[in-house]
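The structure appears below as structure tokens.
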Amino acid sequence: MVFLILIVILCIIILGVFLILYNSLTASRQKVQEAWADVDVQLKRRHDLIPDLVETVKGYEKFEKNLLEQITQIRTKALDVNNSIAEKSAVEDELEKSLHSLFAVAENYPDLKASENFLRLQTELTHTEDEIASARRIYNANTASYNISLNQFPTRFIAGLFHFESASYFQNND
Amino acid sequence: MDDSTERWDPIKSIQTDIFDESRTELLRQVNFYKKYPYIIKLIFFMCCCLVIAAVLFVVFIKLEIRLTVLIIGISVLPFVYYYKSITSLQNELILYFLCQKNNWIYNPKLDTEDVDGFVMNYPAIFDKGHSSSLEDQVWGNLSNDHVDFWKGLFNYTEGYGRDSHTYQITVFALKLKAKIRCPFSLDRAGVHGDRSDIKTESVEFNSLFNIKVENTGEEQEVIRLLSPSVQVRLIDFGKKYMPDTIYFKDDVMLIVFGLDILKTKYTNFIKKVMVDERDENIFYTALSDMAQLPSEMIQFID
């Protein structure tokens with residue numbers, strides 16, 4: 001009888017630990033998703049600013065058309081990528097580099113540099129870059145914490161049982 | 001220092017420089033020690049001799065244990081008192097030279113008059129204990145970031161008689177360029193319990209800070225202010241300086257530290273009566289780091 005009671009208590013304890021670990025993994029995964037949502041918001045903001053920027057610069061006839069076309073193409077590619085974070089990371093890095101090239105080339109066009117619209121867009125894009133960098137840092141920190149939990153004992157058993165998958169980092173390839 | 005200097009004050013709006021007397025006294029003390037630098041060493045030497053004499057006394061004249069502890073304890077007091085007064089003088093002098101260099105206002109005196117204003121405007125921070133006072137106040141402006149600031153040591157006592165204990169916290173106030181509609185505070189996790197009204201998407205931020213929103217229904221507004229870049233700055237600041245509380249109300253940000261974070265590290269009057277520039281830089285760096293926070297947040301305040 002005592003033995004039976006002990007078995008029941010042990011089962012209850014194991015179930016309790018199981019539930020705590022499952023909830024903790026779920027909360028961790030949720031935090032990763034929330035952080036990704038934040039990164040996504042900032043990336044979308046950048047995508048939305050680019051058409052205005054391209055239109056503003058197009059008016060300057062001598063400006064390198066190839067660069068503008070490249071930015072437009074990469075932006076379209078970035079909007080289409082929805083599958084993997086690694087792929088998205090690569091495309092967004094390419095977009096960021098192209099924008100930096102555009103701003104570097106714009107230094108040779110004093111009229112463009114003085115344009116209020118261009119300055120406003122440049123400021124907003126710079127601010128968005130800061131937000132993306134910060135959101136990326138938060139996302140990667142949450143991802144690291146989640147991935148570590150997935151691989152630790154005994155949460156890895158629960159992770160395996162309920163098909164918790166590890167999250168990808170949003171890398172900066174500089 | 002120019003007597004007509006005016007600087008921002010968190011309760012009075014403007015603080016005018018009128019504290020010549022206390023600074024004159026400060027400079028008089030320092031000039032005395034500069035003229036007779038051996039005096040500090042001599043006094044410390046005499047204090048050490050007193051302790052040694054007391055120890056020898058109790059060793060050779062075998063007294064009961066309580067009397068022994070009392071005699072040794074009393075003999076150590078002058079050493080401790082003098083050490084504290086020299087350290088305090090060092091801290092004050094560093095602040096004095098820094099303020100002089102940057103055209104800030106400095107008041108080293110103990111002030112009990114302005115405390116009521118702070119208690120009334122910021123009760124969450126200053127409504128503590130009794131017999132409160134402010135000292136080592138600085139009013140200035142960081143020209144690089146165009147941020148007005150105030151700094152002070154807030155002393156208060158809790159309990160009475162034998163159960164009384166005096167606490168000292170360092171408070172920095174920074175002026176924001178726009179008003180925040182919803183007062184809230186970020187308490188360092190574990191300092192004032194672990195209750196948090198809301199959590200952000202950052203695990204690291206939530207492990208460092210508990211967010212307390214003063215008025216219910218304003219949680220969304222607070223989350224909007226705590227953008228990723230603001231959170232990252234707060235995380236870095238929190239890890240580096242470990243503030244007890246960061247409090248936001250109207251156009252003021254208050255940062256509270258449990259201890260005086262500006263303790264001297266390199267200046268040592270016992271060795272040489274001279275302020276080490278590195279200690280000035282520590283203060284200036286800490287202030288600059290604090291000024292980054294309102295600069296980052298301003299774009300999210302309507």
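The values are calculated or read from the model by the stated rules, or taken from the named source; none is laboratory data. The shown structure was predicted, so the numbers you read here are calculated from the model rather than taken from an experiment. Methodologically, a virtual Cβ is constructed for each residue, glycine included, from the backbone with ideal geometry; neighbour enumeration extends over all protein chains shown.
Check off (1) free of Cβ contacts under 8 Å to residues at least 40 places away in the same chain; (2) loosely packed, with under 13 Cβ neighbours inside 10 Å for B:LYS179 and give me the number that stays unchecked.
Every listed condition holds for B:LYS179 apart from (1).
Mind checking which residues of the stretch B:239-259 are surrounded by fewer than 20 Cβ atoms within 10 Å (Cβ to Cβ) and out of contact with any Asp or Glu (no Cβ under 8 Å at 6 or more places or on another chain)?
B:LYS239, B:MET242, B:ASP250, B:ASP251, B:LEU259
Take the stretch A:36-87 and flag every residue that is closer than 19 Å to A:ASP130 by Cα and among the aromatic types (Phe, Trp, Tyr).
A:TRP36
Among (1) part of a helix (DSSP H, G or I); (2) at pLDDT below 90, which single condition is B:SER75 missing?
(2)
Can you tell me which residue among B:LEU27, B:LEU50, B:LEU42 is in contact with a Leu (Cβ under 9 Å, 6 or more places away or on another chain) and of a type in the set (A, V, I, L, M, F, W, C)?
So the residue among B:LEU27, B:LEU50, B:LEU42 that is in contact with a Leu (Cβ under 9 Å, 6 or more places away or on another chain) and of a type in the set (A, V, I, L, M, F, W, C) is B:LEU27.
Note down all Cβ pairs under 6 Å where the first residue falls in the stretch B:221-249 and is away from chain A (no Cβ under 13 Å), the second is modelled with pLDDT under 90 and assigned to a loop (DSSP other than H, G, I, E, B), and they're at least six residues apart or on different chains.
Every condition considered, the pairs that remain are B:ASP244/B:VAL191; B:ASP244/B:GLY258.
Just checking, does the stretch A:28-46 include any residue being among the polar types (S, T, N, Q), out of contact with any helix residue (DSSP H, G or I) (no Cβ under 6 Å at 6 or more places or on another chain) and under 17 Å from A:PHE162 (Cβ atoms)?
Yes, some residue in the stretch A:28-46 is among the polar types (S, T, N, Q), out of contact with any helix residue (DSSP H, G or I) (no Cβ under 6 Å at 6 or more places or on another chain) and under 17 Å from A:PHE162 (Cβ atoms).
Test A:THR76 against the stated conditions and say whether it is within 14 Å of chain B (Cβ to nearest Cβ), surrounded by fewer than 19 Cβ atoms within 10 Å (Cβ to Cβ), in a helix (DSSP H, G or I) and not small (Gly, Ala, Ser).
So A:THR76 does not fit the description; no.
Report whether or not A:SER166 is free of Cβ contacts under 8 Å to residues at least 60 places away in the same chain and more than 10 Å from chain B (Cβ to nearest Cβ).
yes
Take B:ASP116 and tell me if it is in contact with a Lys or Arg (Cβ under 6 Å, 6 or more places away or on another chain) and either at pLDDT 90 or above or not in a loop (DSSP other than H, G, I, E, B) (or both).
So B:ASP116 does not fit the description; no.
Residue-wise test of (1) in contact (Cβ under 8 Å) with a residue 60 or more places away in the chain; (2) closer than 19 Å to A:LEU68 by Cα; (3) part of a helix (DSSP H, G or I).
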| residue | (1), (2), (3) |
| --- | --- |
| A:SER89 | yes, no, yes |
| A:GLU92 | no, yes, yes |
| A:GLU96 | no, yes, yes |
| A:ALA104 | no, yes, yes |
| A:LEU121 | yes, yes, yes |
| A:ALA133 | no, no, yes |
| A:ILE138 | yes, no, yes |
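Checking the condition within 19 Å of B:GLU6 (Cβ to Cβ), touching a residue at least 40 places away in the same chain (Cβ under 8 Å) and touching a helix residue (DSSP H, G or I) at 6+ places or on another chain (Cβ under 9 Å), which residue from B:ILE86, B:ILE125, B:ILE94, B:ILE105 passes?
B:ILE105
Could you check B:TYR122 against (1) of a type in the set (Phe, Trp, Tyr); (2) out of contact with any Asp or Glu (no Cβ under 9 Å at 6 or more places or on another chain); (3) over 24 Å from B:PHE248 (Cα atoms) and say which number it fails?
Unmet condition: (3).
Could you tell me whether B:THR68 is in contact with a helix residue (DSSP H, G or I) (Cβ under 9 Å, 6 or more places away or on another chain), of a type in the set (S, T, N, Q), within 30 Å of B:ILE52 (Cβ to Cβ) and surrounded by fewer than 20 Cβ atoms within 10 Å (Cβ to Cβ)?
yes
For the stretch A:17-40, give me each residue that is under 9 Å from the mean Cα position of the chain (by Cα) and in contact (Cβ under 8 Å) with a residue 40 or more places away in the chain.
Of everything in the stretch A:17-40, those that are under 9 Å from the mean Cα position of the chain (by Cα) and in contact (Cβ under 8 Å) with a residue 40 or more places away in the chain turn out to be A:ALA35, A:TRP36, A:ASP38, A:VAL39.
Every residue, every condition in (1) surrounded by fewer than 19 Cβ atoms within 10 Å (Cβ to Cβ); (2) away from chain B (no Cβ under 14 Å), yes or no:
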| residue | (1), (2) |
| --- | --- |
| A:ILE71 | no, yes |
| A:LYS97 | yes, yes |
| A:PHE118 | no, yes |
| A:LEU121 | no, yes |
| A:THR126 | yes, no |
| A:ALA133 | yes, no |
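Tell me, which residue of the stretch B:191-207 that is of a type in the set (A, V, I, L, M) and surrounded by fewer than 18 Cβ atoms within 10 Å (Cβ to Cβ) is nearest to the other protein chains (Cβ to nearest Cβ)?
The residue in question is B:ILE198.
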